[in-house]
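A quick write-up on the structure given underneath.
The values are calculated or read from the model by the stated rules, or taken from the named source; none is laboratory data. Computed from a predicted model, the values in this text were never measured in an experiment. With ideal geometry, Cβ positions are generated from the backbone for all residues, glycine too; neighbour counts draw on all protein chains shown. With ligands, DNA and RNA removed, areas are computed over all heavy atoms of the protein, side chains included. Shrake-Rupley method; radii C 1.70, N 1.55, O 1.52, S 1.80 Å.
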Amino acid sequence: LLERAVAQLRDIGARRDQVRALTYLARAMEQSCDWEGAQAAHQSALSHRHDLGQAASSMENVSGLARVALVRGDLETARAFTEEILAHIRARGLALIESPFRIYQTAFRVFQASGSKPAASQVLQEAYQALMDQAERITDPALHCSFLERVPEHEELLAAWREEKEQE
């Protein structure tokens, strides 16, 4: 279905929507462990995003490429993608990034897998602060709790942050 949407959007010249659909297709392929397809879709979306000047949004695809490299055991490539993402976030912030905490989750996992505890800790602290900053803006207590505890990447980052704090 997503592949058909990508083709239809391409045919009508809706490049921005096509790139978004390509990104969702890549994520779906990751979920189904189609690593080759996910890599190709993320790479294609990344190329289009560069052409469109979507530097912030492209971080979603760079993060996807890091996840694919991590699953394949290519820690050097995963780390290079992760460094690119973090350089962007530290210079420009999280604006226009659709899933910033998935990106932080990926960075944390890459640094953990590569045995770089200081870098993993730093990413975890940055993710925690950004998560708390966003959570503070949610005034409804039920939504606030849901935001922190029911979104898988938020839950994982918070659990890792708590575990790290307990070990200090």
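Structural remarks
- Measuring only protein heavy atoms, the 1.4 Å probe finds residue 17 accessible over about 80 Å².
- The orientation-averaged projection of the convex hull spanning the C-alpha atoms of segment 16-71 amounts to 3.1 square nanometres.
- Charge dipole (debye, nearest 20) of segment 62-147; +1 at Cβ of Lys and Arg, -1 at Cβ of Asp and Glu: 200 debye
- Kirkwood Rh and Cα Rg combined as Rg over Rh, evaluated for segment 90-168: 0.97
- Gain on full stretching of the segment that runs from residue 136 to residue 92 - 0.36 nm per residue minus C-alpha separation: 13.7 nm
- Mean Cβ count within 10 Å, highest first, over the residues of peptides 141-150, 59-68, 37-46, 92-101: 59-68, 37-46, 92-101, 141-150
- Estimated 222 nm signal from helices in the chain, with DSSP H stretches of n ≥ 4 weighted -39500 (n - 2.57), rounded to 500: -27000 deg cm²/dmol
- Over segment 1-98: Rg over Rh, Cα atoms, Kirkwood Rh: 0.98
- Normalised per residue, the accessible area of the chain is 54 Å², obtained with a 1.4 Å probe and no contribution from ligands, DNA or RNA.
- Residue among 71, 47, 25 farthest towards the positive dipole end of the chain, charges placed on Cβ: 47
- Ratio of the Cα radius of gyration of segment 42-81 to 2.2 N^0.38 Å, where N counts its residues: 1.16
- Inter-centroid distance (Cα atoms) of segment 130-168 relative to segment 86-113, Å: 16 Å
- The alpha-carbon positions of the chain define a convex hull whose volume is 129 Å³ per residue.
- Each eigenvalue of the Cα gyration tensor of segment 59-102, multiplied by 5 and square-rooted, gives one semi-axis; in descending order these are 20, 11, 6 Å.
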